[in-house]
Amino acid sequence: MCGTTLGDTMNFSSIGKVDKVASLRERIRESLAAAIVSGELAPGAMVTVPGMAAEFEVSATPVREAMLDLEQRGFVKSVANKGFRVTEVSRKDLQEIIEIRTLLEGPIMATLSSVITADEMPKWRHLADLISEHADAGNLTEFLDADREFHLGLIGLHGNRRLVDIVKELRSQTRMVGLAKMTNTPELSKSGREHHEMLDLIESGDASALRSLMASHFAHVLAWWGPESETSA
């Protein structure tokens, strides 16, 4: 696995021609980040700029810039004359990240019943619908994007900007290397539907049940870890 070079012959659902209306650098960065988080680009894999440029059907410049951004975030590490190697996160690292997120996000989400108005709820229901749709369709990049918008957006309603920044950083460190293998499975669809369950509990004001659901929801991340990464634990 660590000796694999990717980008020239293999295709991934998160990697393909990008919309030039958006920032190429940003779109490529987030697509590659989604591929790394989900395990489409496995820990230890070598990624070449020319190979990725061909996959995205763009010039090498925005790909190189995106890779440098990802290196700053710790997703990849440059290897002289070869490209960028996808970094590894141990199971222990992941357990610590999930523990912190559970401690932070569970109690905050439980306070939102007094914050979200009935008029605002359709916005969050629509976003939960999108998460479920992308989960059912196996669109991993869109699934992760919508999931991030849902969780960070709800936490943002609490009004603590630093808390949002902390959770955003923790999410950026999270790897679910087995997620790609969960495409088109009942487990991924179940995780998608749990966002509607969270909103149900926020509306009902059942703080205890919501905290329990959040803990269960985050536990999926460890379940999606995958046996390939056990060697780095």
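Taking 13 Å as the cut-off, no amide N atom of segment 139-160 comes nearer than this to a point 7 Å along the Cα-to-beta-carbon line of GLU169. For the chain, there are no membrane-span-like helices by this rule, meaning no whole DSSP H stretch whose C-alpha atoms cover at least 30 Å of axis and whose Kyte-Doolittle mean is 0.5 or above; this says nothing about an actual membrane. Ranked by the mean number of other Cβ atoms within 10 Å per residue, highest first, peptides 203-209, 64-70 order as 64-70, 203-209. Each of GLY83, SER38, ALA207 was scored by the projection of its Cα onto the charge dipole of the chain, and the greatest displacement toward the positive side belongs to GLY83; charges sit on the C-beta of Lys, Arg, Asp and Glu. Taking the average, over residues, of other Cβ atoms within 10 Å as the packing measure, peptides 47-58, 154-165 rank 47-58, 154-165 from highest down. Going down the list LYS123/LYS181; LYS92/LYS168; LYS123/LYS190; LYS92/LYS181; LYS82/LYS181, which pairs span over 26 Å between their C-alpha atoms? The answer is LYS123/LYS181; LYS82/LYS181.
Taking 7 Å steps out from each Cα toward its Cβ at VAL79 and SER23 produces label points 2.9 nm apart.
Once C-alpha pairs closer than 8 Å and six or more residues apart are averaged by separation and normalised to the residue number of the chain, the relative contact order reads 25 percent.
All of the numbers you see were taken from the coordinates with simple rules; none came from a lab. Everything quoted here is computed from the prediction, not taken from an experiment. Note: ideal-geometry Cβ built from the backbone for every residue, glycine included; neighbour counts use all protein chains shown.
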